[in-house]
Amino acid sequence: MSSLQDPIDAPPPDTAALLSRPDTAALLPRPDAAGLLSPPAAAAVLSPPPAGALDRRSHLELVTVYEICRLLAGSLDIERSFRQALNVLAAHMGLDRSMIVLSDDDAQLHLFCATGLDAEQTSRGHWLPGEGIIGRVFRSGMPIVVPDVRTQPEFLDRTGAFGAQADRQMAFLVLPLKTERGTVGALAAQRAMEGRARLSDDQRLLTMVATLLAQTVDLHRMVRDEHQRLQLETVRLQKQLQGRYSVQNVVGVSRGMQAVFAEVHQAAPSRATVLLRGESGTGKEAIARAIHELSPRKGEPFVKVNCAALTESLLESELFGHEKGAFTGAVGERKGRFELAHGGTLFLDEIGDISPAFQAKLLRVLQEREFERVGGSRPVKVDVRLICATNRDLEKMVQRGEYRADLYYRINVVSITLPPLRERREDIGPLVQHFLARFNRDNRRELRITPEALRVLQSCYWPGNVRELENCIERTATMVQGEVISDLSIPCRRNSCLTQALHHLEKDDAVSAVRVPVVTRPHSASHPASYSAPYPPPAATVSPPPGEPLRTGPAEHVPEPPSRLYGSAPPDGERERLIWALEQCGWVQAKAARLLKVTPRQFGYALQKHRIEVRKL
């Protein structure tokens, strides 16, 4: 017991001794085998006591404890139950201002719920162990009673709601919430010292209430931990029950990914060309490697090429190789990727980004299974299984004439579509655990993530899919302090999400359709070409063919190479800077990306974000 106890009041009697007194025990009904009071027994508690048995204060305390027991046992929502318990203390005992402080996984104290405090005061309720009266009670596990807060220098009043008042003496009582595992928090209340108020009576009552609250907190955390353990066990059992529908180094327990795994196992043993489709970051390369590992060619090379990262001339040399002296710098003979993958698998990523001229060359190799090196004339035969991947709509590209239909039929023999992460949110939890386990193994740490943080990750949109989730987990795990990743550690809770910074995604934008603006022909010199047309084109009169009546309607806008809008100096706006870079580089995206010192993929995302259509000159 702290020395700050009220010196006027006598020490509070022991709670067990009070309940064992004959006059008190006569009023208390006995619970049944399940520990609950029958309705007649409950009515007996609420009924007035016999004359002369107990005073009104003792009876009111018993009624208060009974009401709080009933509230804590009647709901699984711990926050709602605790708030109702504080309201009972305010209504029965006149403790208008009280609060419950709990410790989180980082051993810091935060205000869990309160009565008599507004939202701003509640938001300021944070303490460290040993800080102020609250922190001292939490660290020592001993109650503290302050008869007058004006005379106690350790009283911080962090919330600003329990401070001294000029016209009244205000007392402050803090009781620890103690369990078998240790102290989990504190119960604090304020009492105005008016009339014959006795702090010892309040301390006796709050000690019993704090014991009930501590048991509820302990039970709630045990249930939470058991629920999390069962979830992990369920994931482990699901992996074991997947049987042949599991793929090495690919996490997927959702129905969509199970269908993908089934298609992978079905297509892997054959020699058929596979086309992997899906958004960027969905794991197409991992699926391609899994197909290779499950095929009879698993002992042979697996060679991968990113077609979007190379120009047409470099891509031809990379795939087919070159002879000595074929071009400047070709000091020797060099084998291409087709030859290096002989007997194995060749993975062509971003196959939808190759030029029409190279499409014809690739088509011949797929048909004849032979090619000639750059600068050579001798045909080279290869035995290669081809796996292609793209995130583009090849069917629309074929309709627009941007992609050869015969090449499309050659590579689209077996098509496997990978669902985006937002359509398989069941996989987010296992993916997070997988990335976190790999981070702990590589960095020799023992980080774990709370269920609240996992719910935050499961509610995100993830336009970058698995790649973005992996980046978020690694960034969060690197910067977190301590061994626990809480919901406040996630970047999006601190307004530092990279997705918001790059794409400016809002909730409504995530499901809105993307409108690609077109460059329209200016009608006069005073109206220059615009790269975003928010208004419909004006009505215009179009000359009809001979013999047909004149029709009036929206004018057709014929795309043409955009005129130069900016000078040699880069403008300030992000959208204007993109257009400026394209103008400087002749509307060649790769050159414009190098000018802005970003990757071609980032540059493409920026064009989509600002709805800039690149016209071929």
Notebook entry, point to check: So how do 180-189, 359-368 stack up, highest first, on mean other-Cβ count within 10 Å?
Noted result: 180-189, 359-368
Next item on the list: Take the alpha carbon gyration tensor of the range 65-199, find the square roots of its eigenvalues, order them as a ≥ b ≥ c, and report rounded if a/c is under 1.5; if not, report prolate when a/b exceeds b/c, else oblate.
Entry: oblate
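Here are some pairs, K284/K591; K304/K361; K335/K361; K284/K304; which of them have Cα atoms lying more than 20 Å apart in this structure? Kindly include the intermediate steps, with their values, before the conclusion.
On the way: K284/K591 27 Å; K304/K361 18 Å; K335/K361 17 Å; K284/K304 12 Å.
Too far apart for the 20 Å limit: K284/K591.
Would you mind getting me the FRET efficiency between H110 and L237? Use the beta-carbon distance for r and R0 = 41 Å, nearest 0.05. Display every interim value, and only then the final one.
Values: r = 36 Å, r/R0 = 0.87.
Efficiency, from the Cβ-Cβ distance: 0.70.
Calculate the FRET efficiency for R400 and A569 from the Cβ-Cβ distance with a Förster distance of 35 Å, rounded to the nearest 0.05.
On the way: r = 35 Å, r/R0 = 1.01.
Step by step, r from the Cβ atoms, then E = 0.50.
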Next item on the list: Any chance you could check the Cα centroid distance between the range 172-201 and the range 249-267 for me, in angstrom?
Entry: 57 Å
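If R₀ is 30 angstrom, what is the calculated FRET efficiency for the pair E120 and E154, using the beta carbon separation as r and rounding to 0.05? Write down the numbers at each step before the final one.
Numbers: r = 24 Å, r/R0 = 0.79.
Once rounded, the FRET efficiency stands at 0.80.
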Item checked: Gap separating the Cα centres of the range 86-142 and the range 367-422, nearest whole Å -> 65 Å
Check: Under a plain spin-label model, where a point goes 7 Å from the Cα along Cα-to-Cβ, how far apart in nm are R229 and N495?
Finding: 4.1 nm
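Find the accessible area per residue for the range 65-167; the probe is 1.4 Å, ligands and nucleic acids are left out, and the unit is Å². It would help to have the intermediate numbers written out before the result.
Numbers: 4800 Å² over 103 residues.
Here the per-residue accessible area is 47 Å².
Tally Lys/Arg at +1 and Asp/Glu at -1 over every other residue whose Cβ is under 12 Å from the Cβ of A437; what's the total? The partial results should precede the final answer.
Numbers: positive: R438, R441, R445, R448; negative: D442, E446.
So the surrounding residues net to +2.
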Check: Is the shape of the range 340-479 rounded, prolate or oblate, going by the alpha carbon gyration tensor and its root eigenvalues a ≥ b ≥ c, with a/c under 1.5 for rounded and a/b larger than b/c for prolate?
Finding: prolate
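Mean shadow of the range 223-315, computed from the convex hull of its alpha carbons, in nm²? Could the numbers behind the result be given before it?
Values: hull surface 34.0 nm².
Over all viewing directions, the range 223-315 projects a mean Cα-hull area of 8.5 nm².
The values are calculated or read from the model by the stated rules, or taken from the named source; none is laboratory data. Note that the coordinates shown come from a computational prediction; the quantities given were computed from them, not determined experimentally. Note that we place each Cβ from the backbone using ideal geometry, even for glycine, and neighbour counts take in every protein chain shown. Ligands, DNA and RNA are stripped out before the accessible areas are found, and what is left, the full protein with its side chains, is counted by its heavy atoms. Shrake-Rupley method; radii C 1.70, N 1.55, O 1.52, S 1.80 Å.
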